[in-house]
């Protein structure tokens, strides 16, 4: 990089830090038109009365300003118990975990920024140990990045140029490879804390493969923080309890239908949102949310490319997938992806009408072999780029 280019980047960092305007520097890692094409393809799926044809996969549920705002509203709904309890109990669960990070001056990479409330607590603690830390929230939705990062950095003494939101679908292996290169160039050998919070893992069809892909980024000096919704047992009755827990929230229904509303011409009827619970082996309770054509006749559905596809009577679009993991299965899951648990904390749902044994777990992990003590790094190109 030439001296002029370094000066330009340095001046940009200084302008962001000194401005009272809410500038945010976002690295866009994907062609958004290709993401729209992928969503369109998913909505062309075969007819299915059970949600196994047309679908809106996990990242697209939050893609766009409408779904992002709907998600924020759902998280503030006291009837959406999973998120309510997750947010309220996170402080004490994080307090029990963070002591294991006291000796690590970490940077922070957050997969799925969400509302930003949890990230703010983590950033507030990490910056005390490492004032020069970089905070990189990663999400497929640039709108979600904007909303979440505003909250996660509110009141935190973190210079704007040290906040680097990254628009990226982290479920794609090639994207993670490129992210790895970026991170290593940015922070060198300094330790990174990665996180996947808010039961995000549960929203993916192949949840174990997702976690395995993310934990491949973790070096011996790094750590990984995982949060999942849990159950003490799995049974058909408890699967129906989980369905009841999600279905009672009107705001949650509006969130799961938001992507369908904004990407098709369907007139949404909330009574056509159906929640189906099932037992997933011995490892989890699964809740599938579908939108079903209950008009009594075949209709046409317009897609983002302005083409129309048949939406026959009783056909469905899968809107969302989530799980509650059997608590005893978490250790096996950690080992399956080649990690070891450093510490785990649990919080039960302390609300009426919640099934006994439902709760949230927070697990701090490291690579399977013992991690060495990290050594200070030499000055890197990243230091030169952001020098002012």
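No value in this document is a laboratory result; all are computed from the given coordinates. The structure presented is a predicted model; accordingly, all values stated were derived computationally and were not measured. Every residue, glycine among them, receives a Cβ derived from its backbone with ideal geometry; neighbour counts consider all protein chains shown.
Computed extension gain for residue 236 through residue 282, at 0.36 nm per residue and net of the alpha carbon distance, reaches 15.4 nm.
Label sites at residue 343 and residue 124, each approximated as a point 7 angstrom past Cα along Cα to Cβ, lie 1.8 nm apart.
Fully extending the segment from residue 38 to residue 268 would add 80.6 nm, taking 0.36 nm per residue of separation and subtracting the current Cα-Cα distance. A simple spin-label model places pseudo-atoms 7 Å from Cα toward Cβ; at residue 250 and residue 185 they are separated by 5.0 nm.
Could you give the angle, 0 to 90 degrees to the nearest 10, between helix 117-129's Cα long axis and the longest principal axis of the Cα atoms of the chain? Relative to the chain, helix 117-129 is tipped by roughly 20 degrees. With both labels modelled 7 Å from their Cα along Cα-to-Cβ, the residue 12 to residue 73 distance reads 3.6 nm.
Available extension along the chain between residue 307 and residue 96 is 70.7 nm, counting 0.36 nm per residue and deducting the alpha carbon span. Helix 250-263 and the longest principal axis of the Cα set of the chain meet at an angle near 90°.
For Cα extents along the principal axes in Å, the candidate list reads (i) 66, 49, 43; (ii) 63, 54, 39; (iii) 67, 46, 34; the entry that matches the value derived from this model is (iii).
If R0 is 25 Å, the Cβ-Cβ spacing of residue 216 and residue 103 corresponds to a FRET efficiency of close to 0.55. Taking the Cα atoms only, what angle lies between the long axis of helix 236-247 and the longest principal axis of the chain, rounded to 10 degrees? Helix 236-247 sits at roughly 70 degrees to that axis. Residues 236, 139, 77, arranged from fewest to most other Cβ atoms within 10 angstrom of their Cβ, appear as 236, 77, 139. Working note: 222 nm ellipticity from helices only, DSSP H runs with n ≥ 4, each -39,500 (n - 2.57), summed and divided by the residues of the chain, gives -11500 deg cm²/dmol to the nearest 500.
Please identify which residues in the stretch 49-85 have an amide N closer than 20 Å to a label point set 7 Å out from the Cα of residue 314, following the Cα→Cβ vector. Label zone hits: 49-55.
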